[in-house]
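The values are calculated or read from the model by the stated rules, or taken from the named source; none is laboratory data. What you see is a predicted model, and the numbers here were worked out from it, not measured in a lab. Here the Cβ is made from the backbone with ideal geometry for all residues, glycine too, and neighbour counts use every protein chain on show.
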Amino acid sequence: MKLHEYQAKALLSKHGVPVPRSEVISSLSEVRQSAQNFNGKCVVKVQIHAGGRGKSGGVKLVDSVDMAEEVAGQLLSKNIVTHQTSPEGVPVNDLLIEEALNVSKELYLSILVDGGLGKVIVMASEAGGMEIEQVAEDTPDKILRVVVDPNVGLMSYQARDLATGLGIDKKLHSQFIKLLLNTYEAFIQTDCSLIEINPLAITSQGELLAIDAKASIDEDALFRQTDESLQYDSRQEPQIEKLARTSGLSYVKLDGDVGCLVNGAGLAMATMDVTMAAGATPANFLDVGGGADVDKVHKAVEILLSDPGVKKVFVNIFGGILRCDVVAEGIVAAAKASKTPVPPIVVRMLGTNAEEGRKILKEANIGVYLVNDFTEATKTIKSLS
Amino acid sequence: MSIFVGKETRLLVQGITGREGSYHTSRCIEYGTNVVAGVTPGKGGQLFADKVPVYDTVKHAVLDTKANTSLIFVPPAFAGEAIIEAVDSGIETVICITEGLPVSDSIKVCDYVKRSGAKLIGPNCPGIISPVDNVKAGIMPGHVYAPGRVGVVSRSGTLTYEAVGQLTPLGIGQSTCVGIGGDPVSGSDFVDVLNLFEKDDFTDAIVMIGEIGGTKEQEAAEFIKSEVSKPVISLIVGQTAPPGRRMGHAGAIITGTAALASSKVKSLEQAGAFIVPSPADIGSTTKQALEKN
């Protein structure tokens, strides 16, 4: 679960990590007062759940209250498009107005889970302010890593090793070690899957500060995280994805015209791949899950059909725990309830109660094409275009 | 013979009286699995399906029934502890079906299990099935599988059924099928399972199904290159997945170039694996690989 920059910074600050002074505003009338706190010398930053905002004009340095107001007026309540968003972009509901600092050096610091090692790792680099992906590609030796033993946690000697490796001035070592250990505490206590501080700045006054911060919380641990300041901002999410999420469906919107409905994440990805290989493009990833009932399948079809881009539907079900007749009933119910014309539905059903499912679909007369395998499925999908 | 489970498997089910636990226990028994005990705290003393004794603790169940393998269906908030309870009670192989364990729990639990010398499959996995020995310790539909000499290992449940659904009609039976699970951190990885298949005299070839996210497939490729003599047939799904989005599985997210399907395919190709070009071709590619060897 992604957090906004201001939430990540509040989390860090709560755990004793220094961050610049700042204020979040959500209406234009608040800008002047916020900017005045910094004598107009501040940075105006859009709060969105997507990277690349700097390059897209979402981060602006201003030097007067008037300019702050002008910039805020251009950004607030508009949509911003970055290389990580859809072409429509994401809404800018909040701005962070932050003091501008004199930075003498920028570092990179992050804490994340390394699945291969099965451990939490800390990554640090002297190449701060750049995307770490790029650094990893261009100068991999500039990335330092330490692995955390889950039994003892991050050790201060490991932080000291990093401080040395990063070439940080000895006078600042204790500041760096404290900052890193506190960041680690924030990570562990709030069940984060990522905290990234980039850049971690060394100011001309010799202070270490988290100038930009990203944090994500492990969705599977939300049941034990009760901090209300860590709420998810669902306004950043397309309506259709929000509906899917609240219905307990795993759904990701894509750009194609073949709506896919599948059980199981792996098979859902496979179905998208097969669709693409056949020269068609998937409109979405959708996993109805193993324990779906008729209502959930109904909801899933409804969500598929609510995407105006969907011109045909590919249902691929390998019945295990999920019975094919249950899926068929859900499809029929949704097709019959649909207020808009239902596009052709190509259905492949195997496994538990597949015959019953196919019979239900055949008899419902809702324009279903029953196929037996992937090859036949893709041929049918292509013939429908 | 098979890996992880076999004729000597004496299965214990943790969470046997729950909705999923009871349903799947019955299916496992039907398939021929020797289910010797169940555990649900507070329900000790009952009998499941009129024959399987239910206990309050794993320790008691193991003492009474000599259970050596555990299948876990308890809710995510308690699953981590259930794994540790099993290991502390002397269970050698723990299979955790539960989806949704917090990653920080998985990290601690996997580390604990490794140090104990026990084996953990999962969490968030479909389990293990051996058609050769008629043992099913998992949630897969048993009728799809047929005994034979191909081992299957996968991060995904339904995609494994798909793979097997393509193999069986071609007359390619399976020795053991292992689902390692879709979480970023899991008890056993491809490398662990490949290692066991390589040593298993009853497995001639290995079908390995991976997906986007993490680097488990690259680690497998390294291992295949140096340690695996048997043919490996590999499919990687998620070629069309957009970066930065979680595709259902907690671990299936592209966060860097290594997590891309294409870089995984490249590593496996360089390691000498037979690459399945499209999910439709799992059966045919395996057939060709077997004919070549």
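Scan the range A:114-152 for residues that are within 25 Å of B:GLY213 (Cα to Cα), in contact with a helix residue (DSSP H, G or I) (Cβ under 9 Å, 6 or more places away or on another chain) and within 12 Å of another protein chain (Cβ to nearest Cβ) and the total you get is 15. Screening the range B:46-154 for helices (runs of 4 or more DSSP H) wholly inside it with 1 or more residues that are outside the structural domain of B:ALA250 (by TED's automatic domain parsing), without any contact (Cβ under 8 Å) to a residue 12 or more places away in the chain and not hydrophobic (A, V, I, L, M, F, W, C) returns the ranges B:76-88, B:103-116. The sole residue among A:LEU117, A:LEU162 that is of a type in the set (A, V, I, L, M), outside any strand (DSSP E or B), at pLDDT below 95 and closer than 30 Å to B:GLU222 by Cα is A:LEU117.
Among the residues that make up the range A:40-47, is at least one of them in contact with a Gly (Cβ under 8 Å, 6 or more places away or on another chain) and either assigned to a helix (DSSP H, G or I) or not charged (D, E, K, R) (or both)? Yes, there is a match, as at least one residue in the range A:40-47 is in contact with a Gly (Cβ under 8 Å, 6 or more places away or on another chain) and either assigned to a helix (DSSP H, G or I) or not charged (D, E, K, R) (or both).
Report yes if some residue within the range A:232-246 is under 28 Å from A:ILE121 (Cα atoms), in contact (Cβ under 8 Å) with a residue 40 or more places away in the chain and either surrounded by fewer than 22 Cβ atoms within 10 Å (Cβ to Cβ) or out of contact with any strand residue (DSSP E or B) (no Cβ under 9 Å at 6 or more places or on another chain) (or both); otherwise report no. Yes: one or more hits.
The set of residues from the range B:205-249 being in contact with a Pro (Cβ under 8 Å, 6 or more places away or on another chain), surrounded by fewer than 24 Cβ atoms within 10 Å (Cβ to Cβ) and part of a loop (DSSP other than H, G, I, E, B) comprises just one member, B:THR240. If you check A:ALA186, A:ALA215, A:ALA201 for being within 26 Å of A:LYS142 (Cα to Cα), over 21 Å from the mean Cα position of the chain (by Cα), of a type in the set (Gly, Ala, Ser) and not assigned by TED's automatic domain parsing to the domain that holds A:ASP287, only one passes: A:ALA201. Just to be sure, is A:GLY206 in the same structural domain as A:PRO308 (by TED's automatic domain parsing) and of a type in the set (Gly, Ala, Ser)? Taking the combined requirement at face value, the residue does not satisfy it. Within the range A:250-296, the residues that satisfy the criterion of being of a type in the set (A, V, I, L, M, F, W, C) and more than 8 Å from chain B (Cβ to nearest Cβ) are A:VAL258, A:CYS260, A:LEU261, A:ALA278, A:ALA280, A:ALA283, A:LEU286, A:VAL288, A:ALA292, A:VAL294. Reported count of residues in the range A:327-351, each being surrounded by fewer than 21 Cβ atoms within 10 Å (Cβ to Cβ) and not hydrophobic (A, V, I, L, M, F, W, C), is 7. From the residues in the range A:209-248 that are among the basic types (Lys, Arg) and within 18 Å of A:ASP94 (Cα to Cα), which one is farthest from the other protein chains (Cβ to nearest Cβ)? The qualifying residue farthest from the other protein chains (Cβ to nearest Cβ) is A:ARG235. The helices (runs of 4 or more DSSP H) found entirely in the range A:275-385 that carry 2 or more residues being touching a His at 6+ places or on another chain (Cβ under 7 Å), within 25 Å of B:GLY157 (Cβ to Cβ) and in contact (Cβ under 8 Å) with a residue 24 or more places away in the chain are A:324-337.
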